[in-house]
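Notes to accompany the following structure.
The values are calculated or read from the model by the stated rules, or taken from the named source; none is laboratory data. Quick caveat: nothing in here was measured; it's all calculated off a predicted structure. Positions of Cβ are generated from backbone atoms using ideal geometry, with glycine treated the same way; all protein chains shown enter the neighbour counts.
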Amino acid sequence: MTTMSVPAFVAKWSRSARAERQAAQEHFIDLCRVLGEPTPNEADARGDFYAFEKGATTAMGGQGFADVWKRGHFAWEYKRDRANLTAAYQQVQTYRESLENPPLLVVCDLNRFEVHTNFVNTVKWVYAFDLADLQANVATQTCPIPPLDVLRAVFSAPDRLRPTRTTAQVTEAAAAEFAKLAKSLQDRGADPERAAHFLMRLLFCLFSEDINLLPSRLFAKLVENTRFRPTDFDARLRVLFAAMATGGSFGVEYIDYFDPGLFAGSGTLPLTAASTSRAQRS
């Protein structure tokens with residue numbers, strides 16, 4: 001079997017300026033060479049369990065195609081522009097059921113990889129890394145497992161990426177953290193109606209992030225980067241709320257238009273460092 005080194009893979013695809021359709025299958029084949037895995041055509045000549053361009057019926061009844069599919073492992077969708085990774089994830093979700101609901105949903109733009117878990121009754125997690133992370137192959141905040149280990153699990157052992165917490169456990173923990181956050185606001189004299197509206201906004205941000213209405217981990221990263229600087233958190237949260245009210249930019253990301261009734265005005269309530277952490281854990 002032909003092999004390819006990680007540095008050679010990174011060097012080749014860091015330079016690529018080709019469109020998705022021109023590059024996707026070659027990129028995937030090169031990745032197989034890096035990992036020592038057979039390609040879809042080598043492993044399954046008929047395409048019964050492992051195939052490029054696997055036909056699938058969408059949730060709306062239309063016809064779609066997964067760029068790569070491996071039964072019991074993953075559905076993989078390529079997009080050329082990084083800004084389209086959210087759209088790619090939404091697209092693969094529309095036909096995951098007709099692909100036997102694989103445990104992992106992968107989206108990639110030739111440089112950046114996002115591995116979304118899709119296990120039943122578990123909290124969803126996204127392992128996100130790019131070519132530079134792949135070459136360094138060390139765990140990061142967005143990918144707590146070295147990227148090569150993540151990719152090896154995608155191809156041969158998906159259960160290694162199964163989140164350990166169930167949705168019920170997370171729901172219970174989130175309710176407890178929101179109760180503490182509400183009590184903290186009450187103790188500092190916040191108006192009950194304003195506090196309830198503010199908490200609803202935070203909850204909606206968490207929900208939107210989970211279903212990819214907000215870019216992957218955007219709210220989580222906002223909290224992580226400002227958790228010990230409540231004033232900064234408040235200022236950035238105002239900008240995020242304003243973008244969600246009308247549609248607009250937040251840093252390098254574009255935020256789609258959300259419910260103006262919920263996000264009209266950029267009002268927030270000041271939080272302590274401990275309360276900011278609770279907003280993320282919720």
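Might you let me know whether the stretch 240-255 holds any residue that is modelled with pLDDT under 80 and outside any loop (DSSP other than H, G, I, E, B)? No: the stretch 240-255 contains no residue that is modelled with pLDDT under 80 and outside any loop (DSSP other than H, G, I, E, B). Can we say A220 is over 26 Å from V123 (Cβ atoms) and either outside any strand (DSSP E or B) or modelled with pLDDT under 85 (or both)? Answer is no for this residue. Quick check on A11: is it under 28 Å from P163 (Cβ atoms), more than 23 Å from the chain's Cα centre (by Cα) and either in the same structural domain as V252 (by TED's automatic domain parsing) or not in a loop (DSSP other than H, G, I, E, B) (or both)? When the stated conditions are applied, A11 does not pass them.
The residues of the stretch 29-47 that are free of Cβ contacts under 8 Å to residues at least 60 places away in the same chain, under 25 Å from L148 (Cα atoms) and outside any helix (DSSP H, G or I), listed by number, are G36, P38, T39, D44. Scanning the stretch 48-66 for residues that are at pLDDT 95 or above and in a strand (DSSP E or B) yields Y50, A51, F52. Criterion applied to T140, T94 was being over 26 Å from A56 (Cα atoms), of a type in the set (S, T, Y) and not assigned by TED's automatic domain parsing to the domain that holds D256, and the one residue passing it is T140.
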